[in-house]
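Just below is one structure, and these are the notes that go with it.
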Amino acid sequence: MRTLDENETTQVFEKIFKFTGNNLKNIVESPSHEGPDPEPGRYCFRLNKNRVYYVGESLVRRATNVGRQNLVSLGTCIGKFTKGGSFHLTIQSLGILAANAKHKVWLKPTSEMSFLYGNHVLKGGLGRITDSINPGDGVVVFSMSDVPLGFGIATKSTQDCRKLDPNGIVVLHQADIGEYLRMEDDL
């Protein structure tokens, strides 16, 4: 487990910034209340086997007693670096993204299952949408009862969504909680 170098940190922050905007500061500066330390520590990003973890500093200090080969996971895995060197967010980062999301989309109950099966969000399945979304922005997808379901990339702006026909694609699917549940079944 090691700290991220400058290039890796830039890639991770750019990807998270796409979904959280200026709320990235809340993620980086949030206090960590993990561990027996009476003083709250801070969260940090660590790399282990091409996976990036969001973990409290007190837990990182304790993990130094475990060898790199024996350490499987630590904290929340927020993403991974591919063999090509690009960074991809994983579904485990949904909790962090949902709490700090800048752009949100809420789905009607009838289209939730469609999204969870890996389909894109259509205008007909859109319940609500935040203002000032531009094409290419990262959005977090919620159910109407504010349960985070996944995340994706907006294809249309908020104004364009209002004029779109019901079968037009509004959000491109990237990840959903169904993927996380399928991964647990494979274990």
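Inspect the range 19-40 for any residue being under 17 Å from F142 (Cβ atoms), open to solvent by less than 70 Å² (accessible area, probe 1.4 Å) and hydrophobic (A, V, I, L, M, F, W, C) and give the result as yes or no.
Within the range 19-40, one or more residues are under 17 Å from F142 (Cβ atoms), open to solvent by less than 70 Å² (accessible area, probe 1.4 Å) and hydrophobic (A, V, I, L, M, F, W, C).
Would you check which residues across the range 57-73 are out of contact with any Lys or Arg (no Cβ under 7 Å at 6 or more places or on another chain) and open to solvent by less than 50 Å² (accessible area, probe 1.4 Å) and list them?
S58, A63, G67, L71, listed by residue number.
Counting just the residues of the range 94-111 that are out of contact with any helix residue (DSSP H, G or I) (no Cβ under 8 Å at 6 or more places or on another chain) and open to solvent by less than 50 Å² (accessible area, probe 1.4 Å), which one comes out farthest from N26 (Cα to Cα)?
Checking each candidate, the answer is W106.
Kindly list, by first and then second residue, each pair from a residue in the range 43-72 that is of a type in the set (D, E, K, R) to a residue that is exposed (fewer than 12 other Cβ atoms within 10 Å of the Cβ), limited to pairs with Cβ atoms under 7 Å and residues at least 6 apart or on different chains.
R46/R2; R46/T3
So which residues in the range 120-130 are assigned to a loop (DSSP other than H, G, I, E, B) and in contact with a Phe, Trp or Tyr (Cβ under 6 Å, 6 or more places away or on another chain)?
none
So, in the range 36-94, of the ones that are assigned to a loop (DSSP other than H, G, I, E, B) and closer than 22 Å to G152 by Cβ, which residue ends up nearest to the chain's Cα centre (by Cα)?
Only one residue fits best here, namely T90.
Are any residues in the range 104-127 charged (D, E, K, R) and under 20 Å from the mean Cα position of the chain (by Cα), and if so, which ones? Show your work before the answer.
Restricting attention to the range 104-127, the residues satisfying the condition of being charged (D, E, K, R) are 104, 108, 112, 123.
Passing the criteria: K104, E112.
Kindly establish whether K156 is in a strand (DSSP E or B), open to solvent by 30 Å² or more (accessible area, probe 1.4 Å), basic (K, R) and at pLDDT below 95.
Criteria not met by K156.
Any chance the range 131-144 includes a residue that's assigned to a helix (DSSP H, G or I) and modelled with pLDDT under 95?
Our first condition is that a residue be assigned to a helix (DSSP H, G or I); within the range 131-144, this holds for none.
No, that holds for no residue.
How about the range 95-119: which of its residues are within 11 Å of D176 (Cβ to Cβ) and in a loop (DSSP other than H, G, I, E, B)?
Selection gives Y117, G118, N119.
Does T82 fit the bill of being among the polar types (S, T, N, Q) and exposed (fewer than 12 other Cβ atoms within 10 Å of the Cβ)?
Yes.
Among the listed residues G150, G125, G138, identify the single one that is crowded, with 19+ Cβ neighbours inside 10 Å, in contact with an Asp or Glu (Cβ under 6 Å, 6 or more places away or on another chain) and more than 30 Å from E39 (Cα to Cα). Spell out the reasoning first.
Values: G125 fails: in contact with an Asp or Glu (Cβ under 6 Å, 6 or more places away or on another chain); G138 fails: in contact with an Asp or Glu (Cβ under 6 Å, 6 or more places away or on another chain).
Answer to the selection: G150.
Can you tell me which residue is modelled with the highest pLDDT among those in the range 41-56 that are under 20 Å from V72 (Cβ atoms) and surrounded by fewer than 16 Cβ atoms within 10 Å (Cβ to Cβ)?
N50
Can you run down the residue pairs with Cβ atoms below 6 Å, 6 or more apart or on separate chains, where the first is in the range 12-36 and of a type in the set (A, V, I, L, M, F, W, C) and the partner is modelled with pLDDT of 90 or more and open to solvent by 60 Å² or more (accessible area, probe 1.4 Å)?
L24/F17
The values are calculated or read from the model by the stated rules, or taken from the named source; none is laboratory data. Model, not experiment: these values are computed from the prediction. Ideal geometry is used to build each Cβ from the backbone, glycine not excepted, and the neighbour counts take in all protein chains shown. Surface accessibility is based on the protein's heavy atoms, side chains included, excluding ligands, DNA and RNA. Shrake-Rupley method; radii C 1.70, N 1.55, O 1.52, S 1.80 Å.
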